[in-house]
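Here's the structure we're looking at; comments come further down.
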Amino acid sequence: MDIVFNCPHCEQELAVDNSGAGSEIQCPSCNEKILIPAAPSAPESSPDGAAAVSHQSTAHSIASSAAAKVEMHLKVPVRDKPGEVLIAKPKPPLEAVARGAGKKIRVRTIRHSQCTEAGHDKFDEKVTEFLNEIGETNLIIAHTISYTHFDVGTQKILTDYGIMILYRG
Ligand SMILES: [Zn+2]
């Protein structure tokens, strides 16, 4: 039988085998140290129940040993029915937020041939503008591309270059 309780620090619902009662463990959600409460005092008449009680006190006495901690199987209970409030995952660490966690990965392709305005080559300017717009922390990778296109001015198929930018935004 599992002991089900809430982490006193983050309220995450946790379940642990009752052999872990009284042991100190680390909450898988907030990483705070928490003490597993004693199993609910359900009447246990079976021989199994008696064994569980003695096992419980053994677990308590060796709780501080490394072996006891390794054996502890802490898990978040899984329910079939929806509606239970379970904190699925802890908040991302601050540096992950700074890197743009929660944003989508997007791609922007800038073709050189599309950056000519009134005869002026504005490719570098456009790429620079876009890069500054997304910010360095959101830039994942930039690839150069090569492509062919039909040039209206010269009526020829030309090979040109461009850049494909993967970013978070
Ligand atoms: Zn917690």
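In this structure Thr154 has an accessible area near 80 Å², from a 1.4 Å probe over the protein heavy atoms. Here r is the Cβ-Cβ distance between Cys10 and Arg106 and R0 is 35 Å; the resulting FRET efficiency, rounded to 0.05, is 0.60. In the context of the full protein assembly, Lys33 retains an accessible surface of approximately 130 Å², using a probe radius of 1.4 Å and ignoring ligands and nucleic acids.
Local charge sum around Glu133 (other residues, Cβ-Cβ under 13 Å, Lys/Arg +1, Asp/Glu -1)?
Numbers: positive: Arg106, Arg108, Lys126, Arg168; negative: Glu125, Glu129, Glu136.
Counting the neighbours of Glu133, the net charge comes to +1.
The values are calculated or read from the model by the stated rules, or taken from the named source; none is laboratory data. Keep in mind that what you see is a predicted model, and the values were worked out from it rather than measured. Neighbour counts run over all protein chains shown; Cβ positions are idealised from the backbone, glycine included. For accessibility, only protein heavy atoms count, side chains too; no ligands or nucleic acids. Shrake-Rupley method; radii C 1.70, N 1.55, O 1.52, S 1.80 Å.
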